[in-house]
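What follows is one structure encoded as structure tokens, with my remarks underneath.
The values are calculated or read from the model by the stated rules, or taken from the named source; none is laboratory data. None of these values were measured; they are calculated from a predicted model. Cβ atoms come from the backbone with ideal geometry, glycine included; neighbour counts cover every protein chain shown. Surface accessibility is based on the protein's heavy atoms, side chains included, excluding ligands, DNA and RNA. Shrake-Rupley method; radii C 1.70, N 1.55, O 1.52, S 1.80 Å.
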Amino acid sequence: MSSYKKLASIDTARRRLLFHIGAAAAAGAAGTLPGVTLAQTREQATLASGSAGYTWALPFVAESGGYWKARNVDLKVLDFPTGRDSMQALLAGSANFSTTTDTPVVFAVLQGLKPGILANFSRYSYDMKVVAREGSGIVADQPASIKGKKIGTPAGTSGQYALAKYLEFAKLSASDITQVNLAPTDLIGALVRGDIDAFSWTAQAGNAALRQSGGKAFFLTQAGYEKYFRSHQLLLVNQNTLDTRQALVKDAIGALLDAEKRIAQDPAWPELIAGRIRSTAAEVKEATSVFEFKVGFDESFIDDLVSQAKWAIDAKLAPAPAGDLRALFRAAIKDAPLSAAAPDRVKLA
């Protein structure tokens, strides 16, 4: 075939292709192409995650189990060292949603910021640990033995609040220890080197400290600690997303509810996220055995927020706001989307 004929054939084929694309677009606009989904109709969303740990097991199941994709949402996940950092990304407009524990939210609201609490999806009392090193003079079954010790924890996080409640549990005050503000990534090294005597952070970090210290670290007792401390894991939303992307907000709630159902019905669910958090399914299952996975809001959640706020104010870590604390935190809870999806999950005045 001559070059001329080749070019003519290509040109004819191109015209036919353009004709069919144009016809398809017109038909799609008229709604006559059932089953065809154009790429641009998929929702795009970003979630800032408060670390890559199993604390966020439920939203990780929603991600790995394909529950966002099933709702036509392409989700981009950004991992941060703490929930405080992920919440800051949300407030800065870098993400539509973020996961965090309740403590960073308490500090933010007291400072006049406005993170929206879209869902309370899990809670625990025992995952936040006090981990000590051998030779520190701390005794595992004697909480008061932390008196006079240097204890590290990231400021403004649930680790700091858990430490405050552990002091109460041990019948000690904040002045009885030296608190050292350390990033989560620095806690284990500081403990192993002997720069601190103990730290307050997750069981996952504690287990890593045991390994890296050659077994020369240990957990302090928590027998009865549930009377003093409870941490809530939250999905936050910024106001712009809440106001302008109502379908996406609805999809976020649906994805969490589906993930909750998967965890309740499928004993093998840890396999979905083990790789995501660089762990084994067995470790995930054991670690999260102390978690309650249930999406919902009730008055006890507000009780816990108010209790934390009073601690932060009394410790001069945050300013006392004008007005009633309970009303302030109730306004931060954006429960309408969850009420629409599952009315029985919202029990608030």
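Observations, loosely collected:
- Against the main long axis of the alpha-carbon atoms of the chain, helix 246-265 sits at an angle near 60°.
- Size of electric dipole in the chain: Cβ of Lys, Arg +1 and of Asp, Glu -1, about Cα centre, debye, nearest 20: 1040 debye
- Translational diffusion coefficient (Stokes-Einstein; Kirkwood radius from C-alpha pairs) of segment 38-117 at 37 °C, 0.692 mPa s, in µm²/s: 249 µm²/s
- Sites excluded, trypsin sites (Lys or Arg not before Pro) in DSSP loops with at most 11 other C-beta within 10 Å, longest stretch of the chain: 1-170
- Angle between the chain longest axis and helix 3-29 axis [Cα atoms, degrees, rounded to 10]: 60 degrees
- Principal semi-axes of the equivalent ellipsoid, √(5λ) from the alpha carbon gyration tensor of segment 57-98, are 21, 12, 6 Å from largest down.
- Extension gain for GLN239-ALA208 works out to 7.4 nm (0.36 nm per residue, less the C-alpha to C-alpha distance).
- Stokes-Einstein, applied to the Kirkwood radius of the chain over Cα pairs at a viscosity of 1.306 mPa s and 10 °C, places its translational diffusion at 71 µm² s⁻¹.
- Segment 195-245 - Rg over Rh from alpha carbon coordinates, Kirkwood radius: 1.23
- Evaluating 6.51 cos²θ - 1.76 cosθ + 1.60 at θ = phi - 60° for every residue in segment 65-73, the Karplus couplings come out as x, x, 6, 6, 4, 4, 9, 6, 10 Hz, glycine and proline recorded as x.
- Cα convex hull volume per residue for segment 279-338 (Å³): 144 Å³
- Degrees between helix 184-193 axis and first principal axis of the chain (Cα, 0 to 90, nearest 10): 40 degrees
- Here the chain has 54 percent of its accessible surface on carbon and sulfur atoms, given a 1.4 Å probe and all protein chains in place.
- Flagged links, alpha-carbon separation over 30 Å, of LYS69/LYS129; LYS261/LYS316; LYS76/LYS261: LYS69/LYS129; LYS261/LYS316
- Per-residue [θ]222 nm for the chain (sum of -39500 (n - 2.57) over DSSP H runs n ≥ 4, rounded to 500): -13000 deg cm²/dmol
- Size check on segment 226-349: the Cα extents along the three principal axes, sorted descending, read 48, 36, 25 Å.
- Diffusion coefficient of segment 32-184 by Stokes-Einstein, Kirkwood radius over Cα pairs, 37 °C, 0.692 mPa s: 183 µm²/s.
- Pairwise FRET efficiency - ALA264 versus GLU134, Cβ, R0 = 51 Å, nearest 0.05: 0.80
- Value of Rg/Rh across segment 133-268 [Cα atoms, Kirkwood radius]: 1.10
- Applying 1/(1 + (r/R0)^6) with R0 = 22 Å to the Cβ-Cβ distance of LYS147 and ASP195 gives a FRET efficiency near 0.70.
- Site pair LYS114 and THR178 shows an inter-label distance of 4.3 nm when each label is modelled 7 Å from Cα along Cα→Cβ.
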